[in-house]
Amino acid sequence: MKLESLKPAEGSTKKRKRIGRGQGSGRGGTSTRGHKGAKSRSGYSRKVGFEGGQMPLQRRVPKFGFKNNNKVVFKPINLDVLQSLSESKKLKEVTPELLNENGLIGKNDVVKILGRGELKSKLSVTAHKFSKTAVEAIEKAGGSVTIKE
């Protein structure tokens, strides 16, 4: 066997359909696009959601609701998460920056500490917001709470 004698298996390749190369090719004239209409023109692209002239779904369905652009979405962090973090990293202080470094929150997330779980270690916790149960549990464990602006 030589490199020059190699060829693909029988029936595995097809000839490309050459369109618009004259009447003699059988695919000249309209070039397989049919007669007239938007699809036969060059540069045709159908608009997203176009339904052939019928009123599109996004225009048939009424608008409703309200989107509050000033809504603050808090990233919840529970006490059990703080406890496991303090045990694994031997921490005495927890801040949003530290939570970000450990992959628990994003860089610009607003943090709220919630009271699920049990906190045994004495921690100084800084966050944007706290639930009542979280504040009670942190102070009961001997820690302190600081609200970040």
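Where a number appears in this text, it was derived from the coordinates with a stated rule and is not lab data. What you see is a predicted model, and the numbers here were worked out from it, not measured in a lab. Every residue, glycine among them, receives a Cβ derived from its backbone with ideal geometry; neighbour counts consider all protein chains shown.
Summary of computed values
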{"read-out": "Other-chain or far-sequence residues with amide H under 5 Å of Glu93's (modelled H)", "value": "Ser124"}
{"read-out": "Derived scalar couplings ³J(HN,Hα) [region 21-26; Karplus, 6.51 cos²θ - 1.76 cosθ + 1.60; whole Hz; x for Gly, Pro]", "value": "10, x, 5, x, 6, x"}
{"read-out": "Over the chain: helical MRE at 222 nm, DSSP H runs n ≥ 4 each giving -39500 (n - 2.57), nearest 500", "value": "-5000 deg cm²/dmol"}
{"read-out": "Alpha carbon convex hull of the chain, projected area averaged over orientations, nm²", "value": "23.2"}
{"read-out": "Cβ-based net charge around Val111, under 10 Å, with every Lys or Arg adding one and every Asp or Glu removing one", "value": "+3"}
{"read-out": "Cα-based Rg and Dmax for region 74-147, where Dmax is the largest Cα-Cα distance (Å)", "value": "10.7, 30"}
{"read-out": "Least to most buried among Glu118, Glu4 (fewest other Cβ within 10 Å first)", "value": "Glu4, Glu118"}
{"read-out": "Nearest 10 degrees, 0 to 90: helix 79-89 Cα axis against the chain principal axis", "value": "90"}
{"read-out": "For region 13-140, share of DSSP beta bridges that run antiparallel, in % to the nearest 5", "value": "10"}
{"read-out": "Candidate aspartates and glutamates - alpha carbon under 19 Å from Lys132, same-chain residues fewer than 8 apart omitted", "value": "Asp80, Glu118, Glu149"}
